[in-house]
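Since the structure comes first, as structure tokens, the remarks are kept for the end.
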Amino acid sequence: MISREDISAILSRYDENNLKIATVCSHSALQIFHGARMESFTTIGIATARSRPYYESFPLARPDIFIEVGSYDEILRRDVQEKLRCENAIIIPHGSFVEYIGAENILEHFLVPMFGNRLTLLWEGDRRRQREWLEKAGIPTPRIYSSPSEVDRRVIVKFHGAKGGSRYFTASDRFDLGSKLQKLGYTEGYVIEEYIVGVRYYPHFFLSLLEKPNVSGVDYGRLELLGIDRRLEVIDEMHRGWPDVIEEYMDFTVTGNQPVVLREKLLVDLLEIAARLASTSRKLFYPGLIGPFCIETIYNPKRGFTVFEVSARIVAGTNLYIYGSPYSAFYYDEPMSTGRRMAREIREAIRKNRLESILY
Ligand code: ATP
């Protein structure tokens with residue numbers, strides 16, 4: 001695995017006065033370029049011939065430099081990595097970046113400094129490890145069933161490597177589950193999870209190693225709540241088929257995001273969960289969570305929050321808040337997106353001579 005020392009060696013050859021912020025032109029790249037520009041960084045977009053002209057069309061968010069690739073797995077090519085290093089590039093990993101290149105390839109073969117802690121890829125990309133992390137943090141999670149015969153309530157079935165909820169389905173009990181699995185011909189490669197009834201909230205956090213702790217429970221940095229969204233999934237439109245239940249609406253594929261705010265007293269619960277997640281991450285994969293992360297939650301008035309997933313990087317829901325959110329306004333009296341917040345952290349790290357602590 002690429003070590004911290006490998007990345008430090010590369011950083012020692014970088015020109016700190018000429019660092020550039022780079023990412024793949026997809027997911028939340030426009031926000032990342034826009035935010036980097038606000039912090040006076042030059043930006044690099046890794047694009048295909050097809051996506052490039054579209055990314056060029058946004059005057060305030062277009063990358064300054066393009067690196068064109070035939071397909072995104074070419075990012076691993078030696079010459080592409082060399083070009084990124086020659087440009088003093090710092091990569092901001094987003095969901096598509098990790099998906100296109102693969103967590104394992106990033107850990108083993110991608111020798112370019114990345115914002116945050118690369119080790120989080122090991123812990124958030126593997127469902128079992130992620131569950132261990134959440135359990136060690138004492139955070140309520142949906143029950144997982146190791147076999148269909150154990151099922152004693154409504155469940156949701158998830159597939160390994162599913163993209164944004166695609167192909168997930170629910171079953172009302174073990175008999176319903178058995179017949180659906182049989183009908184679909186699935187024998188492995190899925191997880192059976194308790195279906196949680198409630199309202200979904202996806203809060204976006206940022207953990208700054210460079211600032212003093214501000215929330216009880218996190219002793220290694222400042223925890224900021226930069227926004228909350230709710231994902232728009234096909235199933236959310238199910239009522240449009242009423243009075244019939246149209247089968248095609250039973251689809252959890254994420255298609256977009258909506259801004260939400262939370263009943264204020266519940267913010268305390270959410271911050272407490274984020275603090276526990278961060279402090280446990282520090283014990284499991286030092287130095288722990290750094291930068292943006294999102295917890296995917298369902299709130300039920302009787303059970304409180306249940307966390308069904310963690311994304312330890314910028315999430316697409318932050319694209320709602322290019323000029324800040326109803327929560328970022330409580331930390332910054334200027335527009336602050338997650339993209340800009342990352343660029344600000346890099347700026348601050350240069351100023352404090354602590355770049356190595358936030359890149360890996
Ligand atoms: P990826 O794993 O590719 O990041 P994702 O995070 O978008 O995908 P999931 O979080 O796995 O997808 O879930 C997709 C959707 O399925 C959720 O947004 C939510 O609506 C629903 N869902 C997931 N788990 C549960 C659960 N335990 N109970 C009820 N609904 C759930």
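Could you list, ordered by first residue, the pairs with Cβ atoms under 8 Å in which the first is in the range 241-256 and more than 14 Å from residue 169 (Cα to Cα) and the second is acidic (Asp, Glu), at least 6 apart or interchain?
Going by the 8 Å Cβ cut-off, the qualifying pairs are 255/233.
Would you mention how many residues in the range 21-39 are closer than 19 Å to residue 359 by Cα and surrounded by fewer than 22 Cβ atoms within 10 Å (Cβ to Cβ)?
So the count comes out to 1.
In the list 282, 313, 351, 276, which residue meets the criterion of being touching a residue at least 24 places away in the same chain (Cβ under 8 Å) and either within 14 Å of the ligand (Cβ to nearest atom) or closer than 28 Å to residue 61 by Cβ (or both)?
It is 313.
Taking residue 189 as the residue in question, decide whether it is more than 12 Å from the ligand (Cβ to nearest atom) and touching a helix residue (DSSP H, G or I) at 6+ places or on another chain (Cβ under 7 Å).
no
Being in the same structural domain as residue 342 (by TED's automatic domain parsing), part of a loop (DSSP other than H, G, I, E, B) and either without any contact (Cβ under 8 Å) to a residue 24 or more places away in the chain or under 28 Å from the mean Cα position of the chain (by Cα) (or both): is that true of residue 218 here?
yes
So if I check each of 175, 205, which one is more than 14 Å from the ligand (Cβ to nearest atom), assigned by TED's automatic domain parsing to the domain that holds residue 278 and of a type outside the set (S, T, N, Q)?
The match here is 205.
Filter the range 309-360 down to residues that are of a type in the set (Phe, Trp, Tyr) and assigned to a loop (DSSP other than H, G, I, E, B) and give me whichever is surrounded by the fewest Cβ atoms within 10 Å (Cβ to Cβ).
Looking at the filtered set, the residue picked out is 323.
Here are 165, 116: which of them is small (Gly, Ala, Ser), more than 9 Å from the ligand (Cβ to nearest atom), on the phi > 0 side of the Ramachandran plot and surrounded by 14 or more Cβ atoms within 10 Å (Cβ to Cβ)?
116
Please state which of the following conditions residue 306 fails to meet, knowing it meets all the rest: (1) surrounded by fewer than 22 Cβ atoms within 10 Å (Cβ to Cβ); (2) more than 14 Å from the ligand (Cβ to nearest atom).
The one condition residue 306 does not meet is (2).
Does residue 212 satisfy being assigned by TED's automatic domain parsing to the domain that holds residue 129 and either within 10 Å of the ligand (Cβ to nearest atom) or out of contact with any Phe, Trp or Tyr (no Cβ under 8 Å at 6 or more places or on another chain) (or both)?
For residue 212, the condition - assigned by TED's automatic domain parsing to the domain that holds residue 129 and either within 10 Å of the ligand (Cβ to nearest atom) or out of contact with any Phe, Trp or Tyr (no Cβ under 8 Å at 6 or more places or on another chain) (or both) - is met.
Please go through the range 250-281 and give me each residue that is part of a helix (DSSP H, G or I) and modelled with pLDDT under 95, ordered by number.
Scanning the range 250-281 gives no hits.
Does the range 292-307 include one or more residues that are small (Gly, Ala, Ser) and part of a helix (DSSP H, G or I)?
no
Kindly indicate the residue of the range 222-249 that is in a strand (DSSP E or B) and more than 16 Å from the ligand (Cβ to nearest atom) and also surrounded by the fewest Cβ atoms within 10 Å (Cβ to Cβ) among those meeting that condition.
The extreme case among them is 222.
Could you please tell me which pairs satisfy a Cβ distance under 8 Å, a separation of 6+ or placement on different chains, a first residue in the range 79-103 that is within 16 Å of the ligand (Cβ to nearest atom), and a second residue that is in a strand (DSSP E or B) and of a type in the set (Gly, Ala, Ser)?
Taking only residues 6 or more apart or on different chains, the pairs are 95/311.
The rows are residues; the columns are (1) closer than 30 Å to residue 157 by Cβ; (2) crowded, with 17+ Cβ neighbours inside 10 Å.
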position: 179; (1), (2): yes, no
position: 188; (1), (2): yes, no
position: 193; (1), (2): yes, yes
position: 199; (1), (2): yes, no
position: 205; (1), (2): yes, yes
position: 212; (1), (2): no, no
position: 216; (1), (2): no, no
position: 220; (1), (2): no, yes
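The values are calculated or read from the model by the stated rules, or taken from the named source; none is laboratory data. Please read these numbers as outputs of a predicted model, since none were measured by experiment. Because the Cβ atoms are built from the backbone with ideal geometry, glycine has one as well, and the counts that use them run over all protein chains shown.
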